[in-house]
Amino acid sequence: MADPDSSAPSLPLSTKENITPISSKIAELNESRSELLGRIQGLKQDLQGWRSKLDTQVKVYRDELSELKKTLNVEVEQLRTEFQDLRTTLQQQQEDVTASLRNLGLQDVSTDVKKAESQEAKIEEIDQKEQQVLPEEDNSKVAEN
């Protein structure tokens, strides 16, 4: 029969010899652990700094966009008003020309009327396109951010 203790590892004769290498390994691991924790802490601080800078940049860009949007909306409204004034002026001129021609006794005003109507249709088409390109939006979404 085999000796039951033969399968177990043999114990060293001197435990003092094994304690020194184990102690130095533990010290190395503790030092390595401290170094890694320091690196992790540094990376966390870097990340926090980057987040802070990014948040600041996002806020600045949002504010700039909000101002640009307000300016654009004011300019679009001015353009709409100017187009409406132009349309009104052209309609008045068309009516004046038609009335003048009738007063002069000219019977062939149909071509002038058609031209005026064509110009009016073009102005309305431009106005329609402008409204499609720059639809009025609720600015509350930008203000909430």
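The values are calculated or read from the model by the stated rules, or taken from the named source; none is laboratory data. From a predicted model like this one, the values you see are computed outputs, not experimental measurements. FYI the Cβ positions are ideal-geometry reconstructions off the backbone, even for glycines, and counts take in every protein chain you see.
Inside segment 36-85, residues that are farther than 30 Å from Gln119 by Cα, of a type in the set (Asp, Glu) and loosely packed, with under 11 Cβ neighbours inside 10 Å make up a count of 3. Close contacts from segment 72-94, counting a first residue that is over 15 Å from Gln131 (Cβ atoms) and a second that is surrounded by 12 or more Cβ atoms within 10 Å (Cβ to Cβ) and among the polar types (S, T, N, Q), with Cβ to Cβ under 7 Å and a gap of 6+ residues or different chains, come to Leu90/Gln119.
For segment 87-101, which positions are surrounded by fewer than 11 Cβ atoms within 10 Å (Cβ to Cβ) and among the polar types (S, T, N, Q)?
Step one: list which residues in segment 87-101 are surrounded by fewer than 11 Cβ atoms within 10 Å (Cβ to Cβ), which gives 88-89, 92, 96.
Within segment 87-101, Thr88, Thr89, Gln92 qualify.
Which residue is modelled with the highest pLDDT, if the candidates are limited to segment 114-132 and must be among the aliphatic types (A, V, I, L, M) and farther than 13 Å from Leu79 by Cα? Break it down into steps so the answer makes sense when it comes.
Our first condition is that a residue be among the aliphatic types (A, V, I, L, M); within segment 114-132, this holds for 116, 121, 123, 126.
Next, only the ones that are farther than 13 Å from Leu79 by Cα stay: 116, 121.
Values: Ala116: 74, Ala121: 81.
Looking at the filtered set, the residue picked out is Ala121.
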